[in-house]
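Here is the structure we will look at.
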Amino acid sequence: MVENVIWPAYFDAALSRREGRRVPEDLAVEEPTVDEIATAVQQVGYDAVVERDVAYPRQHWTDSGRVLVKDADDSKNDLVQAVAAYVGALRS
């Protein structure tokens, strides 16, 4: 079973690529939440498990949470890009 971990920092418009953002700026949003990401993962067609009391390794001082995606058929990059598109759609 393959488990992908998706952190809110991957979608945060306030962060640079070096700081952990994985999507282009036009797909990034301000202060993404694990709940938005979990909803977007479900819209893409996968099950999402939210873990709240964990911190992104590059930002260990704040508990941002993370979303676990199990058995994703897509590559992690494809999954992150699809989730980013849905998070943006949820915001508009």
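The values are calculated or read from the model by the stated rules, or taken from the named source; none is laboratory data. Quantities reported herein were computed from a predicted structural model and do not represent experimental measurements. Note: ideal-geometry Cβ built from the backbone for every residue, glycine included; neighbour counts use all protein chains shown.
Would it be correct to say that residue 52 is basic (Lys, Arg), under 11 Å from the mean Cα position of the chain (by Cα) and on the phi < 0 side of the Ramachandran plot?
Details: basic (Lys, Arg): yes; under 11 Å from the mean Cα position of the chain (by Cα): no; on the phi < 0 side of the Ramachandran plot: yes.
Answer is no for this residue.
Of all residues in the stretch 1-54, count the ones that are of a type in the set (S, T, N, Q) and either within 19 Å of residue 74 (Cβ to Cβ) or not in a loop (DSSP other than H, G, I, E, B) (or both). Walk me through how you get there before you give the answer.
Going through the stretch 1-54, the residues of a type in the set (S, T, N, Q) turn out to be 4, 16, 33, 39, 42-43.
Then drop every residue that is not either within 19 Å of residue 74 (Cβ to Cβ) or not in a loop (DSSP other than H, G, I, E, B) (or both), which leaves 4, 39, 42-43.
Looking only at that region, the number is 4.
Out of all the residues in the stretch 49-56, is one or more free of Cβ contacts under 8 Å to residues at least 12 places away in the same chain and not aliphatic (A, V, I, L, M)? Break it down into steps so the answer makes sense when it comes.
Looking only at the stretch 49-56, we keep the residues that are free of Cβ contacts under 8 Å to residues at least 12 places away in the same chain, and these are 55.
Cutting the leftovers down to not aliphatic (A, V, I, L, M) gives us none.
Scanning the stretch 49-56 turns up no residue that is free of Cβ contacts under 8 Å to residues at least 12 places away in the same chain and not aliphatic (A, V, I, L, M).
I'm checking my understanding of the structure. Among residues of the stretch 70-81 that are within 10 Å of the chain's Cα centre (by Cα) and of a type in the set (A, V, I, L, M, F, W, C), which one is surrounded by the fewest Cβ atoms within 10 Å (Cβ to Cβ)?
Ranking the qualifying residues of the stretch 70-81, first place goes to 79.
I'd like the residue in the stretch 17-60 that is crowded, with 19+ Cβ neighbours inside 10 Å and of a type in the set (Gly, Ala, Ser) and, out of all such residues, is nearest to residue 82 (Cα to Cα).
40
Which numbered condition in (1) closer than 11 Å to residue 8 by Cβ; (2) in contact with a Phe, Trp or Tyr (Cβ under 7 Å, 6 or more places away or on another chain) is the only one that residue 62 fails?
Of everything listed in (1) closer than 11 Å to residue 8 by Cβ; (2) in contact with a Phe, Trp or Tyr (Cβ under 7 Å, 6 or more places away or on another chain), residue 62 misses just condition (2).
For the stretch 30-59, how many residues meet the condition of being small (Gly, Ala, Ser) and farther than 11 Å from residue 8 by Cα? Steps first, please.
Restricting attention to the stretch 30-59, the residues satisfying the condition of being small (Gly, Ala, Ser) are 38, 40, 45, 48, 55.
Right, trim to farther than 11 Å from residue 8 by Cα and you get 40, 45, 48.
Matching residues across the stretch 30-59 total 3.
Residue check: is residue 85 crowded, with 19+ Cβ neighbours inside 10 Å, out of contact with any Gly (no Cβ under 6 Å at 6 or more places or on another chain), among the small types (Gly, Ala, Ser) and touching a residue at least 24 places away in the same chain (Cβ under 8 Å)?
Details: crowded, with 19+ Cβ neighbours inside 10 Å: no; out of contact with any Gly (no Cβ under 6 Å at 6 or more places or on another chain): yes; among the small types (Gly, Ala, Ser): yes; touching a residue at least 24 places away in the same chain (Cβ under 8 Å): yes.
In short, no.
For the stretch 42-92, enumerate the residues that are at pLDDT below 90 and either touching a helix residue (DSSP H, G or I) at 6+ places or on another chain (Cβ under 8 Å) or under 22 Å from residue 26 (Cβ atoms) (or both).
Once the filter is applied, which keeps residues that are at pLDDT below 90 and either touching a helix residue (DSSP H, G or I) at 6+ places or on another chain (Cβ under 8 Å) or under 22 Å from residue 26 (Cβ atoms) (or both), the stretch 42-92 yields 56, 58, 59, 64, 72, 74, 91, 92.
All but one of (1) surrounded by fewer than 14 Cβ atoms within 10 Å (Cβ to Cβ); (2) of a type in the set (A, V, I, L, M); (3) closer than 14 Å to residue 83 by Cα hold for residue 14; which doesn't?
Condition not satisfied by residue 14: (3).
Looking at (1) buried (at least 17 other Cβ atoms within 10 Å of the Cβ); (2) under 9 Å from the mean Cα position of the chain (by Cα); (3) not basic (Lys, Arg), find the lone condition where residue 64 falls short.
It fails just one condition, (2).
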